[in-house]
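Undergrad: First the structure, which I've put down as structure tokens, then a few questions once you've had a look.
Just so it is clear, none of the values below were taken in a lab; they were calculated from the coordinates. Computed from a predicted structure; not experimentally measured. Quick reminder, even Gly has a Cβ in these numbers, built from the backbone with ideal geometry, and neighbours come from all protein chains shown.
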Amino acid sequence: MSVKISASFLDIKEPKCEELKKLNNLDIDYIHLDVMDGVFVENKTYNFEEFKDIVKYTTKPKDIHLMVSDVKKSIDEFSNLKPKFITFHYEAVSEVSSVINYIKEKGIGVGMAIKPSTDVSEIVEYLNYLDLVLIMSVEPGKGGQLFIDDSVKKIEQLYNLREKEGYKYLIEVDGGINSDTIKKCNKTDICVVGSFITKQRYEDAIYLLRKNTSSF
């Protein structure tokens with residue numbers, strides 16, 4: 001199974017537009033947008049108009065991760081970017097099925113994210129309706145954290161459930177991914193990688209990631 005790389009530009013320093021152009025020409029599969037509102041998580045990123053100006057410099061499919069409290073408002077905005085996926089947090093909404101359908105109606109792949117403290121058992125009833133499940137392997141809200149090893153158990157649970165029940169969702173992991181921790185993610189389909197790429201020469205980081213997943 002070939003693991004895809006979704007590159008997060010959260011930790012890129014200015015000018016983001018120029019750096020995104022560089023990433024766009026490299027061997028990555030998606031551009032990952034971390035959308036934070038300062039309410040659901042402590043940190044805050046750009047508003048929609050600012051994101052729109054930045055991402056016009058990439059042609060990679062967009063993988064949008066909403067870490068916000070007003071989920072439907074953000075879906076309305078970011079659906080205009082025609083992303084491959086919009087992922088919302090299970091913990092951020094009360095009407096989970098309603099949000100799943102809301103994204104589906106826009107013709108966009110539906111992702112659901114869970115925090116490190118949320119068990120896979122809590123979302124089993126929704127798995128048949130999801131295109132992607134995002135396991136947070138750090139606390140959501142900021143980059144540069146260390147990978148939480150218990151995340152591997154969740155990845156394996158989701159993998160086994162998919163095999164047993166014939167579900168179609170992709171498994172994505174986000175947080176603390178580098179050339180070592182990615183070796184633990186051999187049952188994932190997509191790995192979100194941020195600071196490991198952005199804090200060194202991009203090409204070198206991506207080469208190491210690809211090298212260490214080539215046997216998956």
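Undergrad: So how do VAL152, VAL35, VAL124 line up by other beta-carbon neighbours within 10 Å, fewest first? Walk me through the intermediate numbers first.
TA: Working: VAL152 19, VAL35 23, VAL124 14.
Fewest-to-most Cβ neighbours within 10 Å comes out as VAL124, VAL152, VAL35.
Undergrad: Under a plain spin-label model, where a point goes 7 Å from the Cα along Cα-to-Cβ, how far apart in nm are LYS13 and LYS73?
TA: 3.3 nm
Undergrad: Determine the gain in length on full extension of the stretch ASN160-GLU42; use 0.36 nm per residue of separation and subtract their C-alpha separation, reporting nm with one decimal.
TA: Result for the pair: 39.1 nm of gain on full extension.
Undergrad: Let me ask something else. Taking GluC sites (Glu not before Pro) as exposed when DSSP calls them loop (any state but H, G, I, E, B) and at most 12 other Cβ atoms lie within 10 Å, what is the longest stretch of the chain free of them, the sites themselves excluded?
TA: 106-216
Undergrad: Looking at region 4-211, send over the antiparallel percent of its DSSP beta bridges, to the nearest 5.
TA: 5 percent
Undergrad: What distance in nm separates the two pseudo spin-label positions at ASN128 and SER2, each 7 Å out from Cα along the beta-carbon direction?
TA: That separation, rounded to one decimal, is 3.2 nm.
Undergrad: How much length, in nm to one decimal, is gained on full extension between ASP180 and SER97, taken as 0.36 nm per residue of separation minus their Cα-Cα distance?
TA: Details: separation 83, 0.36 × 83 = 29.88 nm, distance 3.63 nm.
Value of the extension gain: 26.3 nm.
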